[in-house]
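**Q** Before anything else, here's the structure in question.
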Amino acid sequence: MTPSQQLAPDVPSIDVGSAIGKYRWTICSLVFFATTVNYLDRAVISLLKPYLETEFKWNSGDYANIEIAFKLAYSVGMLGVGRIIDKLGTKIGYALSTFLWSLAAIGHAFVSSTLGFSVARAFLGVTEAGNFPAAIKTTAEWFPQKERALATGIFNSGSNVGAIIAPLTVPLIAETIGWKWAFVITGALGFVWLILWFIFYEVPARQVRLGKAEFDYIHSDVDDQAAVAVGSESKVSWFKLLTFRQTWAFVLGKFLTDPIWWFYLFWLPDFLNKQYGLRGTDVALPVAAVYVLSSVGSVGGGWIPLNFMRNGMAAFRARKLSMLLIALCVFPIVFAQYLGQMSMWLAVLVIGIAAAAHQAWSANIFTTVSDMFPKRAVASVTGIGGMAGGLGGILLSALVQKRMFVYYENIGQLETAYFIMFLICGGAYLLAWVLMHFLAPNMKQINLDEPSPSAA
């Protein structure tokens, strides 16, 4: 008896056509919700920065140090969390991560010093690291290859929705009942997700709500069919994974581009404040507009390669071409300040397009992991890449933002610091695409049960 026959004997078979759009999209919705909460929790501090600067007497350097504490902990968490999730499985691993980061988010409300905020941010960082390894592993388990970029784009748009909800709610909460309640209310949403997760989630082979036809559709890739037949679940060491060029392609792509998203997330409200004098609830609409555009980019980034593949293009070519087009869409951000001299909303538009392009890039770069690695290694490789992205963010904050922003702020030329940052944003994705292309030109999927040459 096959796994698909074992999983739900009482569920009648349905044809493949009706299988499309069934239970796997419920799972995608759960991952979308988790990612929304994840980004809502991490975005809160950027919107409370004016309140916290007043209360704790922060300057740009203090804020950068707190940001670095989050990124350092996030990077360390990424190093091990993917391995833990591969070992515990998506159901328990995802739930544990969400439970802990929700506690960390609420814990910010009980902090009374700058050092305390660094500790709270570090705890939030190490626990939030579990979201993307668990989300990508869930997507690999529940979607065939051709749909993974779209599913990733949909759940990844949760990061934008979280960033949209934040400016529309956090300043209002801070103004009405105090900044501490902003941390408590947003952090508590993770516990709502946990209830839904345990009600609806199980891996496909044990999900009784899943019909045979949809199970077979999910596992319709040739590599998946072989994996199901063999039933191989053996774990793979980090050291072996690091011998593959495919791993390094993903690592370098994340190292170069993740810091750009961190910049948008942590510094956009400050840019609007320092450049245009916006404060408190005034930043809500422009920040929300940027992340609305990002949501469009996230879903669109998953649709582009799917459309190419439907028209007969090989999967790896569709992914590579999509990522190149997306990288080119970021470049106009270098003109943000020039356009902003004519209208703030032109600057917001260009930054929004760049943020949308990042999310489109993210939908595809995450999917390259499941393109190039079997499911049993997906969370581990995603964790390694996430660690690299976090380290890139730390280096950008420590070597560029902290020193450069403090220097230009002290001489009254902060706009120059932002211009340099926009130049970095514009070129990072093109450099990442070139390096990924040379390391993994065909995105060949590896066989982890064979010897691992470094140039696999």
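**Q** Pull out all pairs, ordered by first then second residue, where Cβ-Cβ is under 6 Å, the residues are six or more apart or on different chains, the first lies in the stretch 298-316 and is touching a residue at least 12 places away in the same chain (Cβ under 8 Å), and the second is open to solvent by 60 Å² or more (accessible area, probe 1.4 Å) and outside any helix (DSSP H, G or I).
**A** Matching pairs, first to second residue: F316/N442.
**Q** So which residues in the stretch 373-383 are open to solvent by 10 Å² or more (accessible area, probe 1.4 Å) and part of a helix (DSSP H, G or I)? Talk me through it step by step, then tell me what you get.
**A** Quick first cut of the stretch 373-383, residues open to solvent by 10 Å² or more (accessible area, probe 1.4 Å) only: 374-376.
The answer is K375, R376.
**Q** Quick one: in the stretch 254-296, of everything that is within 16 Å of P171 (Cα to Cα) and among the charged types (D, E, K, R), which residue is least open to solvent (accessible area, probe 1.4 Å)?
**A** Looking at residues that are within 16 Å of P171 (Cα to Cα) and among the charged types (D, E, K, R), I get D270.
**Q** Which residues, taken from the stretch 189-213, are more than 30 Å from Y264 (Cβ to Cβ) and either surrounded by 14 or more Cβ atoms within 10 Å (Cβ to Cβ) or within 22 Å of the chain's Cα centre (by Cα) (or both)? Break it down into steps so the answer makes sense when it comes.
**A** At the first step, the residues of the stretch 189-213 found to be more than 30 Å from Y264 (Cβ to Cβ) are 195, 198-213.
F200, Y201, E202, V203, P204, A205, Q207, L210, G211, K212, A213 - these are the residues of the stretch 189-213 that are more than 30 Å from Y264 (Cβ to Cβ) and either surrounded by 14 or more Cβ atoms within 10 Å (Cβ to Cβ) or within 22 Å of the chain's Cα centre (by Cα) (or both).
**Q** While we're looking at this one, here's another question. If W267 satisfies all but one of (1) assigned to a helix (DSSP H, G or I); (2) modelled with pLDDT under 85; (3) more than 17 Å from I420 (Cα to Cα), what's the number of the condition it fails?
**A** Failed condition: (3).
**Q** Related question: I'm told G80 meets every condition in (1) more than 30 Å from Y407 (Cβ to Cβ); (2) modelled with pLDDT of 85 or more except one. Can you identify the failing condition by its number?
**A** Failing condition for G80: (2).
**Q** More than 18 Å from Q359 (Cα to Cα), surrounded by 20 or more Cβ atoms within 10 Å (Cβ to Cβ), out of contact with any strand residue (DSSP E or B) (no Cβ under 7 Å at 6 or more places or on another chain) and polar (S, T, N, Q): which single residue out of T186, T176 fits that description?
**A** Details: T176 fails: surrounded by 20 or more Cβ atoms within 10 Å (Cβ to Cβ).
Of T186, T176, the one residue that is more than 18 Å from Q359 (Cα to Cα), surrounded by 20 or more Cβ atoms within 10 Å (Cβ to Cβ), out of contact with any strand residue (DSSP E or B) (no Cβ under 7 Å at 6 or more places or on another chain) and polar (S, T, N, Q) is T186.
**Q** Checking L100 against (1) farther than 19 Å from K254 by Cα; (2) open to solvent by less than 20 Å² (accessible area, probe 1.4 Å): exactly one of these is not met. Which one?
**A** Single failed check for L100: (2).
**Q** To continue, here is another question. Go through the stretch 310-346 and report how many residues are at pLDDT below 90, of a type in the set (A, V, I, L, M, F, W, C) and open to solvent by less than 40 Å² (accessible area, probe 1.4 Å).
**A** Selection size over the stretch 310-346: 2.
**Q** Does the stretch 89-112 include one or more residues that are modelled with pLDDT of 85 or more, among the β-branched types (V, I, T), within 26 Å of F200 (Cα to Cα) and within 18 Å of the chain's Cα centre (by Cα)?
**A** Pass one, the stretch 89-112, residues modelled with pLDDT of 85 or more: 89-111.
Subsequent filtering for residues that are among the β-branched types (V, I, T) retains 90, 92, 98, 106, 111.
After this cut, where a residue has to be within 26 Å of F200 (Cα to Cα) as well, the list is 90, 92, 98, 106.
Filter once more, so that each one left must be within 18 Å of the chain's Cα centre (by Cα): 90, 98.
Within the stretch 89-112, one or more residues are modelled with pLDDT of 85 or more, among the β-branched types (V, I, T), within 26 Å of F200 (Cα to Cα) and within 18 Å of the chain's Cα centre (by Cα).
**Q** Which ones in the stretch 82-97 are of a type in the set (A, V, I, L, M) and open to solvent by 20 Å² or more (accessible area, probe 1.4 Å)?
**A** In the first step, residues of the stretch 82-97 are kept if they are of a type in the set (A, V, I, L, M); the result is 84-85, 88, 92, 95-96.
Residues satisfying the conditions are I84, L88, I92, L96.
**Q** Run down L439, L423, L399, L430 and say which single residue is open to solvent by 20 Å² or more (accessible area, probe 1.4 Å) and either of a type in the set (K, R) or within 21 Å of L242 (Cβ to Cβ) (or both). Don't jump to the end; show me each part of the working.
**A** On the way: L423 fails: either of a type in the set (K, R) or within 21 Å of L242 (Cβ to Cβ) (or both); L399 fails: either of a type in the set (K, R) or within 21 Å of L242 (Cβ to Cβ) (or both); L430 fails: either of a type in the set (K, R) or within 21 Å of L242 (Cβ to Cβ) (or both).
On inspection, the qualifying residue turns out to be L439.
**Q** Also: Give S75, S46, S118 a once-over and let me know the one that is within 17 Å of G383 (Cβ to Cβ), of a type in the set (S, T, Y) and open to solvent by less than 40 Å² (accessible area, probe 1.4 Å).
**A** Details: S46 fails: within 17 Å of G383 (Cβ to Cβ); S118 fails: within 17 Å of G383 (Cβ to Cβ).
Unique residue meeting the criteria: S75.
**Q** Can you confirm whether T54 is in a helix (DSSP H, G or I), modelled with pLDDT of 80 or more, over 27 Å from the mean Cα position of the chain (by Cα) and on the phi < 0 side of the Ramachandran plot?
**A** It is true that T54 is in a helix (DSSP H, G or I), modelled with pLDDT of 80 or more, over 27 Å from the mean Cα position of the chain (by Cα) and on the phi < 0 side of the Ramachandran plot.
The values are calculated or read from the model by the stated rules, or taken from the named source; none is laboratory data. Please read these numbers as outputs of a predicted model, since none were measured by experiment. Cβ coordinates were reconstructed from backbone atoms using ideal geometry, including for glycine residues, and neighbour counts include every protein chain displayed. Calculation scope for accessible area: heavy atoms of the full protein, side chains included, ligands and nucleic acids excluded. Shrake-Rupley method; radii C 1.70, N 1.55, O 1.52, S 1.80 Å.
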